[in-house]
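In what follows, a structure is listed as structure tokens, so that the remarks can point back to it.
The values are calculated or read from the model by the stated rules, or taken from the named source; none is laboratory data. Values in this document were obtained by computation on a predicted structure and should not be read as measured data. Methodologically, a virtual Cβ is constructed for each residue, glycine included, from the backbone with ideal geometry; neighbour enumeration extends over all protein chains shown.
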Amino acid sequence: MYILLRSCGGLGNQLFQAHYALLLQGKNSSSRIFHFHSTNYSRHAEWELHGMPFESAPWYFKFILAFRLPQVFYRLGWSRTESLRFFNLFLLDGYFLDSKEYFEFSKEELTATQYRLKKALNLDGPPAYPVLLHLRLGDFWENANQKRRFLDSTFTLQAPSTEGAPLETMTNEEEFVEAYLREHSLDRVWRIVPTRGYTGLELLRRMMSYKLIRYNGSTLAFWAAVFSGASLQWQRCLDDHHYVTQNCMLLDRLREVYGVDVTEMND
């Protein structure tokens with residue numbers, strides 16, 4: 001059997017895609033995984049999982065993947081998963097964030113494949129720090145005003161004590177959050193962990209060093225919890241139709257599949 005994987009997106013998405021391909025390979029150990037990473041998106045993201053045992057897809061497999069048949073069938077409702085099988089070809093094209101994708105795999109298969117992925121990427125070390133607030137901004141919002149309103153809600157709900165060491169936060173927009181903290185006199189109780197210039201894997205390793213991650217729907221933060229055993233928390237400070245809330249609820253439904261302790265924080 002040949003597994004043809006079309007991947008896209010950043011490292012968090014790539015991990016779901018690679019994990020699913022490995023799960024299928026586990027069903028048939030003689031199968032080979034051929035891979036093509038698409039960068040034809042407004043948010044450019046390179047493939048970061050170079051240590052995976054995947055083969056570069058030759059032109060004829062790329063030609064097949066270009067039709068994006070799994071996505072066509074999935075969106076038309078003709079398939080319940082983002083994968084399709086044609087004779088000895090298994091086509092994978094999706095984000096694999098729906099818990100229905102994993103019904104055919106046992107808990108043992110899921111856990112073993114997560115371990116295989118973790119070892120292939122050399123991700124080790126137990127969490128050492130208590131709490132991280134991870135703020136994914138950027139393409140999650142349309143403008144600066146929306147980001148400020150989100151930060152208003154977030155830091156109001158967090159309400160940290162002014163005593164003791166500053167709490168740590170990571171964000172992909174450090175200057176923006178730093179200016180916000182200064183403006184609201186919160187820079188004494190919150191400290192930004194500088195990660196500018198990190199690769200996705202470097203950021204993942206840093207996030208894995210925390211025992212509790214409070215996040216707003218980052219797939220990379222979710223995977224940090226998968227690999228480290230950390231707990232996840234998220235806040236419903238936006239309406240249920242907002243992309244961030246939708247993403248948090250989507251990942252929430254994967255907590256049993258991936259064995260992650262995820263809770264929703266109350267106001």
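Residues in segment 28-63 that are modelled with pLDDT under 95 and hydrophobic (A, V, I, L, M, F, W, C): ALA45, MET52.
The lone criterion from (1) surrounded by fewer than 16 Cβ atoms within 10 Å (Cβ to Cβ); (2) of a type in the set (Lys, Arg); (3) out of contact with any strand residue (DSSP E or B) (no Cβ under 8 Å at 6 or more places or on another chain) left unmet by LYS147 is number (1). The set of residues from segment 122-136 being in contact (Cβ under 8 Å) with a residue 24 or more places away in the chain and surrounded by fewer than 19 Cβ atoms within 10 Å (Cβ to Cβ) comprises ASN122, LEU123, GLY125, PRO126, ALA128, TYR129, PRO130, VAL131.
Annotation note: of LEU24, LEU92, the sole residue that is part of a strand (DSSP E or B), surrounded by 19 or more Cβ atoms within 10 Å (Cβ to Cβ) and either in contact (Cβ under 8 Å) with a residue 40 or more places away in the chain or not aromatic (Phe, Trp, Tyr) (or both) is LEU92. Residues in segment 209-226 that are closer than 20 Å to ALA45 by Cβ and touching a residue at least 60 places away in the same chain (Cβ under 8 Å): 10 in all.
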